[in-house]
1. Karplus couplings for region 227-243 from phi (6.51 cos²θ - 1.76 cosθ + 1.60, θ = phi - 60°), rounded to Hz, Gly and Pro as x?
2. Which order do the peptides 215-222, 235-242 come out in when sorted by mean C-beta neighbours inside 10 angstrom, highest first?
3. For the Cα atoms of the chain, what angle does the longest principal axis make with the long axis of helix 204-219, in degrees from 0 to 90, nearest 10?
4. Taking a spot 7 Å from the Cα of GLN252 along the direction of its beta carbon, which residues of region 199-240 have an amide N less than 19 Å from it?
5. On a 0 to 90° scale, report how tilted helix 13-25 is relative to the longest principal axis of the chain, with both axes built from alpha carbons and the result rounded to the nearest 10.
6. Amide H neighbours of MET167 under 5 Å, at least 5 residues apart or on other chains, H built in the peptide plane: list them.
7. Looking only at Cα atoms, what is the convex hull volume of region 115-210 per residue, in Å³?
8. Taking neighbour counts of Cβ atoms within 10 Å as a proxy for exposure, in what order, fewest first, do TRP179, TRP132 appear?
Amino acid sequence: MSAPLASAPPASPAEHARRLAECFAARPGFLIAYSGGVDSATLAYAAHLALGERMLAVLADSPALARRELKAAQEFARRHAIPLRVVATDELTREEYARNTGDRCYFCKQTLFDTLAKVRALLAREPHDAGWPVAYGVNRDDLGDYRPGLKAAAAAGAEAPFLAAGMGKAEVRALARHWGLEVADKPAAPCLSSRIPHGERVTGAKLAQVERAEDLLHDLGFRVLRVRHHGAVARIEVPPAEFTRLIEHSEQVVRGLKTLGFLHVSLDLAGFRSGSLNAALGL
């Protein structure tokens, strides 16, 4: 009996860097859908390494983007000399988005890619190639999650270099460490609308309330957290290992969140769970 074939070893960060470089170098330029998270930041950095000025990171700014995240994304681009354009998006004015059903993210991403198409049109008036494709930072692990936005990206013809390179979240973070990028261990920071339960309307006032509540916790040193907006109740999610420290600050936290308009402040004993509000969708 012949010996079983040995499985191929996992690709190294250097190999993933090479695959991405090949992907980018095959095109005249790229627009990168950029948010400043580890995925989009690493993708923008890879594109800039391969293309230099023949790329542009486009950061969509809306009330659902925390100012803390906006500033961090701008600082990352500045520090690494990545060409950046910040554009305002208006998804909150779309009824399909504001009513906050389970497919809210589809309309958010649709607005994003429509905005990127407008940026492409503007580039036609500048010394750039208006045919630059759009790339976004979806990775292999995202395919197993509930992400309606992927359908909007597919409809817009957006390219996914991480998927082409066979990369999941761990490989993206490993590549960011390989390059010494400060975002390598950055916690995920989805849009502020994800703190509002499906079926509850998204408004600018609620988003501002959530943002200020989370800023209070960030200023106390918490890195991984969510403040879920349940009307008069703020439900805090932090990892169980942080429960004791949060309780030690309970008086300050409760006082601060009540000042923001919440009547009750609760700690979720199940701890931090990314996408926990999707449970209402049966996911």
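1. 10, 7, 9, 10, x, 7, 10, 9, 9, 8, 10, 9, x, x, 5, 9, 4
2. In descending order of packing, they fall as 235-242, 215-222.
3. Once rounded, one gets 90 degrees.
4. Within reach of a label on GLN252: 211-227, 236-239.
5. 70 degrees
6. Amide H neighbours of MET167: ARG140.
7. Given the Cα convex hull of region 115-210, per-residue volume reads 174 Å³.
8. Going from sparsest to densest Cβ surroundings: TRP179, TRP132.
Every number in this text was worked out from the coordinates using simple rules, so none of it is lab data. Quick caveat, the model's predicted, so the values are computed rather than measured. Quick reminder, even Gly has a Cβ in these numbers, built from the backbone with ideal geometry, and neighbours come from all protein chains shown.
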